[in-house]
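Working notes, beginning with the structure itself.
The values are calculated or read from the model by the stated rules, or taken from the named source; none is laboratory data. Remember, predicted model here, so these are calculated numbers, not experimental data. Cβ: placed from backbone, ideal geometry, glycine included. Neighbour counts: every protein chain shown. Only protein heavy atoms, including side chains, enter the accessible area calculation; ligands, DNA and RNA are left aside. Shrake-Rupley method; radii C 1.70, N 1.55, O 1.52, S 1.80 Å.
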Amino acid sequence: MTAARPLERPSQPPISLLVAIRGMSCAACVGRVEKAIRGVEGVAQASVNLATGRAQVALDQAGNAGTIVEAVRRAGYETVDSTTELSITEMSCASCVGRVEKALKTVPGVLEASVNLATRRAQVRYLGGRETIAGIIAAAGKAGYSAVEVTLGTDQRDQERSAQLAELGTLMQSLIVAAAATIPLLVLEMGSHQIPALHHYFVGTFGDETVRIVAFLLATLVQFGPGWRFYAKGWPALRRAAPDMNSLVLIGTSTAYGYSVVSTFAPTLLPGGMDYTYFEASAVIVTLVILGRFFEARAKGRTGDAIRRLLKLQAVIARIIRDGQERDVAAEAVVPGDIVVVRPGERIPVDGLVTDGSSFVDEAMITGEPMPVHKSNGKPVVGGTVNKTGTFRFRATRVGADTLLAEIVRTVEAAQGAKLPIQAAVDRITMWFVPAVILCAIATFVLWLALGPDPAFSLAIVNAVAVLIIACPCAMGLATPTSIMVGTGKAAEMGILFRRGEALQVLKAVTTVAIDKTGTLTIGRPALTDLVVQDGFEENAVLQLVASVEARSEHPIAQALVTEAHKRALALAAPDGFEAKPGFGIVARVSNIDVIVGADRLMRQIGLDLAPFAAMSQRLADQGKTPLYVAIGGRLAAILAVADPIKETSREAIEALHRLGLRVVMVTGDNRRTAEAIGRHLLIDEIVAEVLPNDKAAIVQRLQQEGARVAFVGDGINDAPGLVQADVGLAIGTGTDIAIESADVVLMSGDLRNVPNAIALSQATIRNVTMNLFWAFGYNAVLIPIAAGALYPSFGILLSPMAAGLAMALSSVSVVTNALRLKAFVPPLRLRDATPASLQVVPA
C-alpha cells in the first residue's frame, strides 16, 4: 500500500539551489561531491547529476552558500557561480548601503554582495538560478528597499553553455596536439613492428637509439601536454584516497610510459630481454580518451536542448502603455498592472489578461496543441506564446520569474536534476568501482607475473594497464541522468511536465488509471448537447426564445442555453412576463409569444401530448440526461438536453490506455445513471459513482490494496486527495492550482490523450535507462576480465591497452548517444489539428 503524501508544507522550507559543478568525469565523482555538500551545515539534501554537471541542493535559511563552494573545492572540484546587477531605490546614505548589503548577504545562495550608493546599483554573486534572484529581491524589500534586476547579466544557463563551449574548444585543441604527436609515433613504433622493411629503414637511417629517443619525445609531449589534465585531476584524487576515472587513466598511462622510459634509458634495471617500449600505447590511450570526452561533451550538450529552446521563447522587448504613450521596454522591466500591446507575429512578453481586442494565439509551446487559440476580452495569455492574427492589449499579471514559462523552465530543470530510484543502487556500486578496478589491476599484475609465460613481467604490465584503461565508470554514471534529461525535455515539448523526476520511473509501472469525470473526461461545465424541434419550428428561432426566457436565471442550465445562443449570434429579447414554477419550469412571454420551458410534468399540466418525443426522451434517459421541453404559442415545439459534454478526445485516450494494457476506473460524484451512461460510451472498465471528495483517496487506496499501481488523473480541488494518494498523480494543467501542486505530473493542455502519451514516454525512457545500464555494467563486467587475460588460457587472446582505450572512449559516447534517441520518440496519440473547443455529444 502506498502511503499518502501530506499536503501541508513546512512554514519555512529550504531553498532549492541548482549549483553547476566543474571537473566531474565519472560516477565516482558524483558520490564524492554529494558527500562533500551533504556534510555542510544547513544542507538538508543534495543530489548531483553527472549529465547536467549540476547539484540540486536544499539549503536551510541559515545555510551559507560559501561553505558549499569551499566543500566542493576541498573535494577537488569547482562550482560555477553567477552574477546579477540590481537597481536599488530609496537609498540615501552610506548606512543604507550597509543595510542593503547585510540583507542581501543573508539570502541562502549569495556568495558576495556589493552596493554602490552613487550608481544605486548592487552587484551580487550567487549560486543557483532565478529562485536565488527572487530571494535577493525579497530580502531587499524586507529591508525597506525596492530592487529590480537591471539585466539578465551572466545568466546561469548562459554561463554553463559558455563553459560547455569553452570545454569543447579546449578538448579540440588537446585532441589536435595529441593526434599530431601520436600519428607519427604509431608509424614509428607500430609500423616498425608490423612492417619489417620500415623497421630496417628507420634503424638503418637513424639508428635504434635515435628512434627510441624520438618516440620518447613524442610520447612525452602527449603525456604531459594534452595528458596533463589526468594528472591535474587524478593525482589529487589519489592523494585523498578517492580515485576517479582520471586516476585510472593516470595510473595506466603512467605505467606504460614509465616502463618505456626505463626500457629506453636504463634497460639494465629490467629483467633480461624485457626492454620493450609502449610509448605508442600510452599516447594512443591519452588521445582516444580525449577523443571520447570530446564526443561525450558534444553529445551531452545536446541533452539540454529542450531547456535552451524554452529559454529562447522568452521575449526580449515589450511594448507597454505608460503615461498614455506606447513605449518599448525590456521584457524584464514590465511590472504587474502594465498594459501591454501585442501586434500580429509578435511573441507575448509576460502573462496577463486581455483587456481590448482579439486574436488567435499559438500556444503549442505550452500545451502541445497545434491549433491557435482564440483570445478576447478577459481571456488569459501566456508569455512566450506567439500572436498570430490580430492586435490586442492585455494587463500584465505575472512577470519575470513568476511567469508560466519561467515556472516550466524551473520544473523541467528540477525534474532533469532528479534521481530515479534505480539510480540509488547504481550510486552505491560506483562509489566502490574505481578502487575495485585498481585492486583488479594489481591482482592481474601479480597473477601474470607469477603464472604467466615469458615475458611474464612485460605481459603483467600490459594486462594490468589494459584493465585500468578499459574500466569505464563514466558510462555507469551517465546511464540514468542523460535519459532523464532527454526524456523530460521531450515531455516538455509535448506539454507534459514532470514535477517530480521519480514519477518518470513510477509511471512506467502503473497498472490502473483512475480518472475523475468532471473537467477531465468532460469539459467541466454544462452545455446544450441536444435540441430537436417539431415540424413547423426553426431551431435557432426556438433557441432564441428559450435563451431570452432563461437570461434572467443564474442556474447553470439556464446559463448554458444563453451561452449557446450567444455562440450562434442570436439577439435576445427581454421577456414581458416571467413566472418561475419551482420543480416544474418557467412560463414567460417574449415578443408577444407565450414560451414555456420545463419538465414533462409541466407540459402534461398544461395538456400537451409528449408522444412525438417519446423515443428521443428514452434515448436521452439512457445517456443519463434529463430532457426539457419547450412549448411556444401553446404548441409543443422542441425537446432539449443540457449536460456536461464528453471531450472529443476522451474515448481515443481511453482506447490508447487499453492498448497499453492498463485498466481504467472512472471516479465521479455524479449520480450512477449518468456515470454509467458515460462509462458505457467510453468503454470504462470500472465506474465508481456518487463519491464524496474525501472518498477519492480511499478509492485509490482500495485499488492499491488490491495490488494495483495507480495513476490518478484529475483537475479540481476535490481531486487533490486522490492525486496525493496515488502512486503517480497527473493534473490537468487547465485545472486548479491546488490540483497542480498536488500532482507529480502536469498535463499543460486539457487533452486527455497526453495521459497515454506520458505513460508511453515513461516506458520509453525507462527502457532507454535499462539499455544504458545494461550496456554500462555489461561492458565493464565482460571486458574487464578479458583485459585481465581471461581468454588467454583457452584462446590465446589478449586485449592491447590501445584497444582498451578505444573501447573505453566509445562506451560513454554510446550511452549518451542512446539517450539522445529519445528525441525521436513518437507519442502514440498525436495532438492533431482540431478545434480545441469542439465538443462531443454521447450518441444513441
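Residue by residue, here is whether (1) in contact (Cβ under 8 Å) with a residue 12 or more places away in the chain; (2) over 15 Å from Ala631 (Cα atoms) holds:
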site: Val532; (1), (2): yes, no
site: Ala547; (1), (2): yes, no
site: His555; (1), (2): no, yes
site: Ala565; (1), (2): yes, yes
site: Gly585; (1), (2): yes, no
site: Arg589; (1), (2): yes, no
site: Ile593; (1), (2): yes, no
site: Ile596; (1), (2): yes, no
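Residues in the stretch 653-694 that are open to solvent by less than 50 Å² (accessible area, probe 1.4 Å) and either part of a helix (DSSP H, G or I) or of a type in the set (Phe, Trp, Tyr) (or both): Ala653, Ile654, Ala656, Leu657, Thr674, Ala675, Ala677, Ile678, Gly679, His681, Leu682. Under the condition of being assigned to a helix (DSSP H, G or I) and surrounded by 19 or more Cβ atoms within 10 Å (Cβ to Cβ), the residues counted in the stretch 508-517 number 2. Scanning the stretch 449-471 for residues that are under 26 Å from Ala809 (Cβ atoms), surrounded by fewer than 23 Cβ atoms within 10 Å (Cβ to Cβ) and touching a residue at least 24 places away in the same chain (Cβ under 8 Å) returns Ser458, Leu459.
Taking the stretch 569-628 as the range and being modelled with pLDDT under 85 and under 52 Å from the mean Cα position of the chain (by Cα) as the test, the residues that pass are Ala621, Asp622, Gln623, Gly624, Lys625, Thr626.
Residues in the stretch 710-734 that are at pLDDT 95 or above and open to solvent by 10 Å² or more (accessible area, probe 1.4 Å): 0 in all. Looking at Gly337, Gly384, just one residue is crowded, with 20+ Cβ neighbours inside 10 Å, touching a residue at least 40 places away in the same chain (Cβ under 8 Å), not in a strand (DSSP E or B) and not β-branched (Val, Ile, Thr), and that residue is Gly384.
Apart from one condition, Leu723 fits all of (1) farther than 30 Å from Leu561 by Cβ; (2) more than 27 Å from the chain's Cα centre (by Cα); the exception is (2).
Residues in the stretch 563-581 that are open to solvent by less than 80 Å² (accessible area, probe 1.4 Å) and charged (D, E, K, R): Glu564, Arg568, Lys581. Filtering Val769, Val826, Val816 for residues that are open to solvent by 30 Å² or more (accessible area, probe 1.4 Å) and farther than 24 Å from Ser260 by Cβ leaves a single hit, Val826. Pairs meeting the criteria (first residue in the stretch 252-265 and without any contact (Cβ under 8 Å) to a residue 60 or more places away in the chain, second residue acidic (Asp, Glu) and open to solvent by 10 Å² or more (accessible area, probe 1.4 Å), beta carbons under 7 Å, at least 6 apart or on different chains) are Ser263/Asp275.
Scan the stretch 518-528 and give yes if some residue there is open to solvent by 40 Å² or more (accessible area, probe 1.4 Å), under 18 Å from Gly722 (Cα atoms) and in a helix (DSSP H, G or I), otherwise no. Yes; the residues of the stretch 518-528 include at least one that is open to solvent by 40 Å² or more (accessible area, probe 1.4 Å), under 18 Å from Gly722 (Cα atoms) and in a helix (DSSP H, G or I). Selection of helices (runs of 4 or more DSSP H) fully inside the stretch 196-248 by the criterion of at least 1 residues being over 20 Å from Ile469 (Cβ atoms) and under 36 Å from the mean Cα position of the chain (by Cα) returns 228-239.
Taken over the stretch 553-562, the criterion of being in contact with a strand residue (DSSP E or B) (Cβ under 6 Å, 6 or more places away or on another chain) and open to solvent by 30 Å² or more (accessible area, probe 1.4 Å) is satisfied by Ile557 alone. The set of residues in the stretch 490-505 that are among the small types (Gly, Ala, Ser), farther than 11 Å from Met748 by Cα and not in a loop (DSSP other than H, G, I, E, B) contains only Ala503. Has the stretch 340-347 got at least one residue that is more than 12 Å from Phe394 (Cα to Cα), surrounded by 14 or more Cβ atoms within 10 Å (Cβ to Cβ) and within 31 Å of the chain's Cα centre (by Cα)? Looking for residues that are more than 12 Å from Phe394 (Cα to Cα), surrounded by 14 or more Cβ atoms within 10 Å (Cβ to Cβ) and within 31 Å of the chain's Cα centre (by Cα), one finds at least one in the stretch 340-347, hence yes.
Answer yes or no: is there a residue in the stretch 13-30 that is on the phi > 0 side of the Ramachandran plot and either at pLDDT 85 or above or in a loop (DSSP other than H, G, I, E, B) (or both). Looking through the stretch 13-30, at least one residue is on the phi > 0 side of the Ramachandran plot and either at pLDDT 85 or above or in a loop (DSSP other than H, G, I, E, B) (or both). Can you find even one residue in the stretch 258-275 that is within 15 Å of Gly23 (Cα to Cα) and either β-branched (Val, Ile, Thr) or part of a helix (DSSP H, G or I) (or both)? No, the stretch 258-275 has no match at all. Just one residue in the set Lys490, Lys517 is within 30 Å of Ala641 (Cα to Cα), in contact (Cβ under 8 Å) with a residue 24 or more places away in the chain and charged (D, E, K, R); that residue is Lys517.
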